[in-house]
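Laboratory data are not the source of any read-out in this text; all were calculated from the coordinates shown. Since the structure is predicted, the reported quantities are computational estimates derived from the model, not experimental observations. Neighbour counts run over all protein chains shown; Cβ positions are idealised from the backbone, glycine included.
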Amino acid sequence: MSKVFSAHAVSVDGYITGRDPGAGRGLGDATMLFDWYFDGDTPSQVFDGFTLSEPSARVFDALAASVGAIVTGRNTYEDSDRFGGGSPHPKARLFVLSHRPAPEMTERQTLVTTGIEDAIAAAREAAGGKDVGLMGGVVTEALKAGLVDEVVLHQVPILLGGGRPFFQSLPEHVRLRLVEAVPAPGVTHLHYAVER
């Protein structure tokens, strides 16, 4: 069965954006969270134009190759300029979870307004046996619903001191088991399994 996972670049103090993110401003003042995408000499086998360090390419490409669909929240969708009508992944269909209508959805994008369970179910079906990736605030909702199998933190050695935190308030503790820790130039890849 396919897995549901989240893989995010995050600061040491837990932010996935800097201050003032938004449409036309992307991550605000935190673009350095993704410098490791371009700081190496190993081309990604999944994303054109990415040249990562060898350890980062191994981790990144293994995750990216497993993805068949992505679920994101409305804020991430808007902050990312609606992914230009596509998806943040070159081959995966995008599902946008929102409680309000979204303008200009394309054939590669699906709006889901009935909750995280339905969004993940639709993404699993579209993924055709591949994994479902989660982006942005939907991770917290999926954790609350017990739907997340793995969490990957691409931890960048910086303290941003503000921005949008990765995790929001949870009703209870979520225990994680470290599967792998891979140090790389400019980032440490921390792969956790969610314990149930």
Can you give the Kirkwood hydrodynamic radius of the range 1-73 from its Cα pairs, in Å with one decimal? 13.8
Counting only Cα, what are the radius of gyration and maximum Cα-Cα distance Dmax of the range 119-190, in Å? 14.2, 40
Identify the GluC sites (Glu not before Pro) of the range 114-196 meeting these criteria: DSSP loop state and at most 13 other C-beta atoms within 10 Å of the C-beta. Glu172, Glu195
For Lys3, the lysines lying under 16 Å Cα to Cα, once residues fewer than eight places off in the same chain are dropped, come out as Lys130
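Restricting to DSSP loop positions (anything but H, G, I, E, B) with no more than 11 other Cβ atoms inside 10 Å of their own Cβ, which GluC sites (Glu not before Pro) remain in the range 61-110?
Glu104, Glu107
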Fraction of beta bridges assigned by DSSP in the chain that are antiparallel (%, nearest 5): 45
Net charge contributed by nearby residues that have their C-beta within less than 13 Å of Pro183 (K/R +1, D/E -1): -1
Per principal axis, largest first, the Cα atoms of the range 123-165 extend in Å by 39, 20, 15
Quote the charge dipole size of the range 95-145 about the Cα centre in Debye, to the nearest 20; the model charges only the Cβ of Lys and Arg (+1) and of Asp and Glu (-1). 80
Taking the alpha-carbon centre of each part, the distance from the range 177-195 to the range 70-118 in Å is 27
Expressed in nm to one decimal, what extension gain is obtained for the pair His99 and Glu172 from 0.36 nm per residue of sequence separation less their Cα-Cα distance? 23.8 nm
Summed side-chain charge close to Ser80 - residues other than Ser80 whose Cβ falls under 13 Å, Lys, Arg +1, Asp, Glu -1: +1
Modelled FRET efficiency - R0 35 Å, Ala181 with Asp118, Cβ distances, 0.05 increments: 0.55
Surrounding charge for Ala7, neighbours by C-beta under 13 angstrom, Lys/Arg +1, Asp/Glu -1, total -4
